[in-house]
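Okay, so here's the structure we're looking at.
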Protein chains: 2
Amino acid sequence: MAELHPVCAPLAFLLGSWRGTGTGVYPTIEDFSYAEEVSFTHVGKPFVAYAQKTKDADTGLPLHAEAGYLRPQGDGRVELVLVQPSGIVELLEGTVEGSDVQLASTEVLGTGSAKPVTATERRLWVEGEVLHSSVAMAAMGLELQHHVVSEMYRLS
Amino acid sequence: MAELHPVCAPLAFLLGSWRGTGTGVYPTIEDFSYAEEVSFTHVGKPFVAYAQKTKDADTGLPLHAEAGYLRPQGDGRVELVLVQPSGIVELLEGTVEGSDVQLASTEVLGTGSAKPVTATERRLWVEGEVLHSSVAMAAMGLELQHHVVSEMYRLS
């Protein structure tokens, strides 16, 4: 195991794997609930790798996935670069304060076949034993609004 | 194991894990060699997840990593969305013909702290038992030019 890069220390509270459940809403789709698993790992370099998968809470079939890297800047600022199988990439910037990471997109881009997403806000925060994750999204021509929120417990 | 989505059939030759070695060059850095491992996986949906890691061939220390999703379009066209811990995201479009995927970036974006990369071309092709991977890159104000090439053998 590599030693954690000092610049990643403010994100150490995220490291490991977490599993839980969440709910999603958006005006263009039906409400849904899901099982979620995320991991935050490091290799001793100044970033934290993030991977996420969700499954339908009823059928167990895969729903969403995403992968990316958190890049702490050493002054409380954090960047997140993110990719999604829906053909979307995101660049986000924000802050880490205590056990709370808040990020807003500076760029969201999609391939020719991707649905139009124009902005996101993301928050990851730990209270007690619980990792909370939420995403607000501007998509399909609509304004930025709440999309998903989940609660997860540490696996490792 | 989910059944492969029909649209992914042209990419079935990539599925699994591969390991090998490569070499890198660029005018702004010293030549380097590396050990590489990649995986291509699917969950029954119309995309193939891609993950890659490289290590220094001498020291074993981690060098590069990237993650993304290949999105075959059903007509020989393929999209690739990609994220790198260096703070860069890429959207690429191209084709799959036989065992040869050739892609060129339509967008390359970086966070505020990322090095300036403006374009890439990527190729993945299998000849016999060998997966070849190459990347050309326009970065640091230079024109698109060869950057890395590797040869890998199937692990699974």
Given points 7 Å out from each Cα along the Cα-Cβ axis, report the A:V130 to A:Y153 separation in nanometres with one decimal.
1.2 nm
Translational diffusion coefficient, Stokes-Einstein: compute it for the range A:6-154 using the Kirkwood radius over C-alpha pairs as Rh, at 4 °C and 1.567 mPa s, and state it as an integer in µm² s⁻¹.
83 µm²/s
Shortest-first nm distances, B:S156 label point to equivalent points in other copies (7 Å, Cα→Cβ):
1.3
In nm², the average projected area of the convex hull spanned by the Cα atoms of the range A:83-156 is 5.7 nm²
Environment charge at B:H146 (Cβ cut-off 13 Å; Lys +1, Arg +1, Asp -1, Glu -1):
-1
List, shortest first and in nm to one decimal, how far the label point of B:E143 (7 Å from Cα along Cα→Cβ) is from its counterparts in the other copies.
4.9
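Please give the length that would be gained between A:T95 and A:R77 if that part of the chain were fully extended, namely 0.36 nm times their separation in residues minus their C-alpha to C-alpha distance (nm, one decimal). It would help to have the intermediate numbers written out before the result.
Numbers: separation 18, 0.36 × 18 = 6.48 nm, distance 0.44 nm.
Result for the pair: 6.0 nm of gain on full extension.
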Quick one: 3J(HN,Hα) in Hz for the range B:119-131, Karplus 6.51/-1.76/1.60 with θ = phi - 60°, rounded, Gly and Pro as x.
7, 9, 10, 10, 9, 10, 8, 10, 10, x, 9, 10, 8
For chain A, modelled as a Gaussian network with Cα springs under 10 Å, which listed residue fluctuates most, A:E79, A:E90, A:E127?
A:E127
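Counting only C-alpha contacts under 8 Å and six or more residues apart, can you give the relative contact order of the range A:6-154 as a whole percent? Spell out each step's value before the answer.
Values: 386 pairs, mean separation 28.4, N = 149.
19 percent.
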Give the calculated FRET efficiency between B:R19 and A:R123 to the nearest 0.05, with a Förster radius of 45 Å applied to their Cβ-Cβ distance.
0.75
List, shortest first and in nm to one decimal, how far the label point of B:T28 (7 Å from Cα along Cα→Cβ) is from its counterparts in the other copies.
3.6
Between A:A9 and A:S113, what FRET efficiency follows from the Cβ-Cβ distance if R0 is 45 Å, with the result rounded to 0.05?
0.65
Which lysines, on any chain, are close to B:K53 with Cα under 23 Å apart, when same-chain ones fewer than 8 places away are left out?
A:K45, A:K53, B:K115
Projected area, mean over directions - the range A:31-82, Cα convex hull, nm²
4.6 nm²
Alpha carbons only, please: Rg and Dmax for the protein assembly as shown, in angstrom.
19.0, 54
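Read-outs throughout are calculated quantities, based only on the coordinates presented, and are distinct from any laboratory measurement. Computed from a prediction, not measured in an experiment: that's the story for all the values here. As a convention, Cβ positions derive from the backbone with ideal geometry for all residues, glycine included, and neighbour counts pool all protein chains shown.
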